[in-house]
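A.B. asks: One structure is given below, represented as structure tokens, and several questions about it will come after.
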Amino acid sequence: MKLEWNKRYTLIAVYTALVIAFAVILIFIFARWDTFVSVLKTVLSVAKPLMYAVGIAYILWPIVHIFEAKLFSPLEKKRPRAKLVRSLSLICTYVIFLSLLSLFIGTVIPQITDSLMTLQSRMYNYISNAQTWLYDFLSNTNIPNTEFLYDLMGKLNQLINSVVAWLYDNLKLVFSNITSYAASFATEMKNILLGIVFSVYFLLFKEHLLAQIKKFFMAFFPDHIYQKLAHYAVVTDHTFGGFISGKIFDSLIIGLLCFILMTIFRMPYAPLISMIVGITNIIPFFGPFIGAIPSAFIILVADPGMTIWFILMIFALQQLDGNVIGPKILGDFIGLTPLWIIVSITLMGGLFGVFGMFLGVPTFAVIYIFVKEITEKNLQKKELPIETDSYYSDERYLAIINKADAAKPSLFQTIRRKLSRKKNNEKA
């Protein structure tokens, strides 16, 4: 007797089997958590070169695209020369990338190492000078209730001495264990070098790799699910690509300006502090504060008289970045209110550390776009307005919100405009 398959019940059975299999996998993971973590660490360690390759290729692709579209596009006027154009673009991109990397390794890193070693050797002298300067300042200034201030200074000095002692001991421990760190550093450098080599192939065969991924998803997923996944992938790419490349370029400018200004005003440890300021500036919202606090402490112990000027300089740089440089590079690309930026950085930073603080904002921006799309579709089905203005209980705040929103387009509007432009080009 021939069995007749019911498509509906077969689909239910398949989904049930998948749910059961997923539940079994979760139970196994929680039951063998230590083994799972160990295996995961091993897999991530082996895959590190590929992870570096994907990251480097993702960051360098906009530069390759600029070379292809702007510089070498005339080569294809008479006949297609895609391989030649891609090869020339890759050569130019990697010459720039490796030149900047060599400049950083050959110039900045030795200065940073020298600054750290000098800071470690002169720490107690710096503290003594800072204490003398503060006591002289209090003695020569007519400030009421100086006894209270002297007591406060004594407690502050004790706190500073304990912090400095901790830093000094840890710096000695780092330098004494330099050989043990050398092995892990060499392994990491090997992974980075392999990542740079592999990234060339990712960029060279980018379209072929994307075509294979598209082929796989179209083969195993229904068309409507594939269209949704493709849409989510495009939105995620626009958000992360625009944010990461823009923020890195913005932070390079801020770090360079910080180095130039510190050199002009002869502030100590310019390379070290400029690197701290540039790297922490990548983190939105909290980045300037995270970089300014340890940098100001280093300036305080090295040259107390320069501390106020350094804080004023950092404040001026952050105002310049927030009001001029950042908007010019990123625009309003994040599309999140300050509240959601704080929430995203706090949550992702708590879960994944500094790396999570950097990627928390674009991650939440992507989630925000998807939730907004789903919400607006459901509201349209119910024939309700999709504008947030319609749901304010107090209309007094509408003028403030509308004025802020009218200045710059949101991330959702920017991406929707880009996607519609891309669809129009495909139709044409």
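A.B. asks: I'm trying to understand the selection: among the residues of region 257-269, which are surrounded by fewer than 21 Cβ atoms within 10 Å (Cβ to Cβ) and either closer than 24 Å to P362 by Cβ or over 23 Å from the mean Cα position of the chain (by Cα) (or both)?
C.D. replies: If the condition is that a residue be surrounded by fewer than 21 Cβ atoms within 10 Å (Cβ to Cβ) and either closer than 24 Å to P362 by Cβ or over 23 Å from the mean Cα position of the chain (by Cα) (or both), then I260, L261, T263, I264, F265, R266, P268 are the ones that fit.
A.B. asks: Quick one: is F240 aromatic (F, W, Y) and loosely packed, with under 13 Cβ neighbours inside 10 Å? Lay out the reasoning, then the answer.
C.D. replies: On the way: aromatic (F, W, Y): yes; loosely packed, with under 13 Cβ neighbours inside 10 Å: no.
Judged against the criteria, F240 is not a match.
A.B. asks: I want to confirm something. Restricting to region 350-368 and keeping residues that are small (G, A, S) and closer than 20 Å to V234 by Cα, which single residue is surrounded by the most Cβ atoms within 10 Å (Cβ to Cβ)?
C.D. replies: So the residue we want is A365.
A.B. asks: Hey, any hits in region 61-82 for a residue that's loosely packed, with under 11 Cβ neighbours inside 10 Å, within 23 Å of S274 (Cβ to Cβ) and not β-branched (V, I, T)?
C.D. replies: No, there is no match, as no residue in region 61-82 is loosely packed, with under 11 Cβ neighbours inside 10 Å, within 23 Å of S274 (Cβ to Cβ) and not β-branched (V, I, T).
A.B. asks: Of the residues that make up region 289-302, is at least one surrounded by fewer than 16 Cβ atoms within 10 Å (Cβ to Cβ), at pLDDT below 80, in a helix (DSSP H, G or I) and among the small types (G, A, S)?
C.D. replies: No.
A.B. asks: Additional query: Does S87 count as of a type in the set (S, T, Y), modelled with pLDDT of 85 or more and exposed (fewer than 15 other Cβ atoms within 10 Å of the Cβ)?
C.D. replies: Details: of a type in the set (S, T, Y): yes; modelled with pLDDT of 85 or more: yes; exposed (fewer than 15 other Cβ atoms within 10 Å of the Cβ): yes.
Spelling it out, S87 is indeed of a type in the set (S, T, Y), modelled with pLDDT of 85 or more and exposed (fewer than 15 other Cβ atoms within 10 Å of the Cβ).
A.B. asks: Same structure, new question: Could you give me the residue pairs with C-beta distances under 7 Å whose first residue belongs to region 73-94 and is under 18 Å from S199 (Cα atoms) and among the small types (G, A, S), whose second residue is modelled with pLDDT under 90 and assigned to a loop (DSSP other than H, G, I, E, B) wherever it lies, and which are 6+ apart or on separate chains?
C.D. replies: S89/F72
A.B. asks: Here is a list of conditions, (1) at pLDDT 85 or above; (2) more than 19 Å from K328 (Cα to Cα), and L257 meets all of them except one; can you say which number that is?
C.D. replies: L257 satisfies all of (1) at pLDDT 85 or above; (2) more than 19 Å from K328 (Cα to Cα) except (2).
A.B. asks: For the structure I just gave you, tell me whether I248 is part of a helix (DSSP H, G or I), within 27 Å of L60 (Cβ to Cβ) and in contact with an Asp or Glu (Cβ under 7 Å, 6 or more places away or on another chain).
C.D. replies: no
The values are calculated or read from the model by the stated rules, or taken from the named source; none is laboratory data. Predicted, not measured: the structure shown is a model, and the values here were computed from it. Ideal geometry is used to build each Cβ from the backbone, glycine not excepted, and the neighbour counts take in all protein chains shown.
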